[in-house]
Amino acid sequence: MELLKSKSYIQLLVLAAVIGVPVSAVAYFYLALVGHLQTWIYQSLPSGLGFHGTPVWWPVPILLVAGVLVAATISYLPGTSGHEPANGFQTGGGAPTAAELPGVVLASLATLALGVVLGPEAPLIAIGGGLGALAVKLAAKDAPPMAGTVMAAAGSFAAISTLLGSPIIGAFLLMEAGGLGGPLLGLVLVPGLLAAGIGTLIFVGLDNLTGLGTFSLAIPGLPTFSHPTVALFLWALAIGVVAVLVGTTIRLTSLALLAVVVRHRMAWTPVIGLAVAGVAVGFAELTHRSAETVLFSGQSALPDLVLKASTWTVGALVVLAIAKSIAYAFSLSAFRGGPIFPAVFIGAAIGVAGSHLPGLVLVPAVAMGIGAMATVMLKLPLTSTLLAILLFSSDGLSVTPLVIVAVVVAYVLSARMPQLPAELRRGRQAPDDAPAPAAA
C-alpha cells in the first residue's frame with residue numbers, strides 16, 4: 001500500500017501509459033508485416049516467377065530457407081531468439097535485452113512469414129517486454145529492478161493485447177502464465193492494463209489511418225446456439241479425453257525432437273523445416289486442398305474452417321487434424337513462435353469433425369475442442385476457457401458450461417499423462433554415463 005501511494009509508482013503509471021503507444025504501434029506493424037510477407041511469399045512470388053498459382057511443392061524450398069535462417073539466428077545472434085516453444089507457453093526468464101531483441105524479431109519473422117506452424121504471441125510478448133525494460137533504462141538508469149520488471153510486463157500487456165484485440169484476455173494470459181498473485185498482482189496489473197488500454201486506442205487509430213485492419217478473435221456469422229443438453233455434456237467429456245491424447249502426443253514428440261535439435265541446430269532445423277513442408281504437401285495431395293491450410297498458425301484459416309464446415313468431409317477433417325498436429329509438433333521442436341493458435345486450430349478441426357456425430361452440434365463442438373486442446377498445450381485452463389468463449393462472441397455464454405467441462409477434463413487428465421525425463425524436457429542431452437531413461 002505504501003508503494004501504491006508513492007510518487008515513484010505514479011511515475012511508473014505515467015511511463016506505462018507512454019510506453020503503451022510505441023509498443024502497440026510496433027506490435028501492429030509487426031503483425032501487418034507478417035501478414036504481408038505470408039501473402040507475398042505464398043501467392044505473389046509464385047505468380048511473379050511465372051507459375052499459374054502456387055505449385056504444390058512450393059513449401060519445400062521455403063521451409064528449408066526458414067530452417068536455415070532460424071538456426072543461424074539462434075546460433076549466432078546474442079541470446080536465444082526467444083524461448084523454446086516445445087517447453088510450453090512461458091513468460092518467465094526476464095525480458096530480452098536491447099542486444100537480444102533483433103534475434104527475437106528475425107527468428108520469429110522467418111518462422112511466421114515462411115509458413116512454420118507457430119503463432120506470433122510469444123515473440124510479441126518478448127518484444128513488448130524488451131521495449132518496456134529498455135524504456136526504463138533510457139528514462140532512469142538508476143531505476144530499481146522492480147521498475148524494470150513492472151515496465152517489461154506493461155510492454156508485454158500492450159503487445160499481446162494488439163494481437164488478441166482485448167486488454168482483458170491479454171491480462172488473463174499473462175497473469176495465469178506468470179503465476180501473478182497477492183500484492184504483486186496489483187502492482188503489475190494496473191500499469192499493464194493502462195499500457196494495454198492506451199495501446200488499444202493506438203491500434204484502432206492505426207487501422208483508421210492505414211486501412212490494414214484490426215485484430216479480433218471473434219468468429220463472425222456463426223449459427224445461434226441456444227442451450228446445452230445432457231448429450232453435449234457427455235460429448236464434453238469425450239472431447240476432453242481426445243484432446244489429451246492428441247495434445248500429449250504432440251508435446252512428447254516435440255520434446256523428444258528438441259533434444260535432438262539442440263545438439264546440432266544448424267543441421268537439424270532445416271531438416272525439421274523440410275519435414276513440415278512434406279506434411280503440408282502430403283495433405284494437399286491427399287485432400288486436393290491448399291497446403292497452406294496446414295501451414296502457418298491457423299489463426300487466419302480458423303474462421304473459414306468453421307464457417308465452411310459443410311464443405312469438408314469427415315475424412316478430410318481427420319487428415320487435416322493429423323497433418324496439422326504432426327507439423328505443429330515438428331515446428332515446436334526447432335523454431336521460434338507461440339503455441340496458442342495451432343492448438344486452437346487443431347481443437348477446432350476436432351470439433352468440426354465431431355459435429356458429424358449424433359447429438360454433437362457444430363458451435364459447442366468447436367468451442368469445446370478449442371478449450372480442451374489449448375488447455376493441454378498451454379496448461380492454462382482459465383485462459384483457454386476465455387479464448388474459447390471469446391471466439392464465439394454471441395454464443396459465448398451458451399457454450400461456457402460445456403467448455404468448462406471439457407477444459408477441466410483435459411486439465412486433470414493431462415497432468416496424469418507420461419512425462420519425458422527432465423533432461424529432455426529442458427532440451428538438453430543427458431550425460432553420456434547416465435543410465436538410459438526407461439521412458440525412451
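Just want the ordering: Tyr76, Tyr328, Tyr411, from fewest to most Cβ atoms lying within 10 Å of their own Cβ.
On the way: Tyr76 10, Tyr328 32, Tyr411 21.
Placing the least packed residue first, the sequence is Tyr76, Tyr411, Tyr328.
Can you compute the FRET efficiency between Lys137 and Phe29 using 1/(1 + (r/R0)^6), with r the Cβ-Cβ distance and R0 = 30 Å? Round to the nearest 0.05. That pair, Lys137 with Phe29, gives E of 0.85. Would you mind counting up the charge near Val244? Only other residues with Cβ under 13 Å from its Cβ, with Lys and Arg at +1 and Asp and Glu at -1. That sum, taken over residues with Cβ under 13 Å, equals +3.
Amide H to amide H distances under 5 Å link Gly119 with Gly338, Ile340, Phe341, where only residues 5 or more positions off or on other chains count and H is placed in the peptide plane.
Would you order Ser331, Ser393 from fewest to most other beta-carbon atoms within 10 Å of each residue's own beta-carbon? Don't skip to the end; give the middle numbers.
Details: Ser331 30, Ser393 15.
Ascending number of Cβ neighbours within 10 Å: Ser393, Ser331.
For segment 375-416, the equivalent ellipsoid derived from the Cα gyration tensor has semi-axes of 20, 10, 5 Å, listed largest first.
For the pair His288 and Ile322, the difference between a 0.36 nm per residue extended length and the Cα-Cα distance amounts to 10.7 nm. By the beta-carbon count within 10 Å of each Cβ, the least crowded to most crowded order of Arg289, Arg251, Arg416, Arg336, fewest first, is Arg416, Arg289, Arg251, Arg336. For Ala238 and Thr313, a Förster radius of 22 Å and the Cβ-Cβ distance give a FRET efficiency of 0.55, rounded to the nearest 0.05. Taking the square roots of five times each eigenvalue of the Cα gyration tensor of segment 230-425, the equivalent ellipsoid has semi-axes of 27, 20, 13 Å, listed largest first. Taking each residue as 0.36 nm, the span from Ala218 to Ala267 lengthens on full extension beyond its C-alpha to C-alpha distance by 13.6 nm. Our summary gives segment 270-341 a relative contact order of 46 percent, counting only alpha carbon pairs under 8 angstrom and 6 or more residues apart.
Suppose R0 equals 51 Å. What FRET efficiency, 1/(1 + (r/R0)^6) with r the Cβ-Cβ distance, do Phe51 and Val230 give to the nearest 0.05? Don't skip to the end; give the middle numbers.
Details: r = 53 Å, r/R0 = 1.04.
Efficiency, rounded to the nearest 0.05: 0.45.
Under 19 Å from a label point set 7 Å out along the Cα-to-Cβ vector of Met417, the amide N atoms of segment 350-381 belong to 350-354, 366-381. Mean sequence separation of contacting Cα pairs (under 8 Å, at least six apart), scaled by the length of segment 230-425, corresponds to a relative contact order of 31 percent. Extension gain for Val21 to Ser75 (0.36 nm times residue separation, less C-alpha to C-alpha distance): 16.2 nm.
No lab work stands behind these numbers, since they all come straight from the coordinates. This is a predicted model, so every value here is computed, not measured. We place every Cβ from the backbone using ideal geometry, glycine too, and count neighbours over all the protein chains shown.
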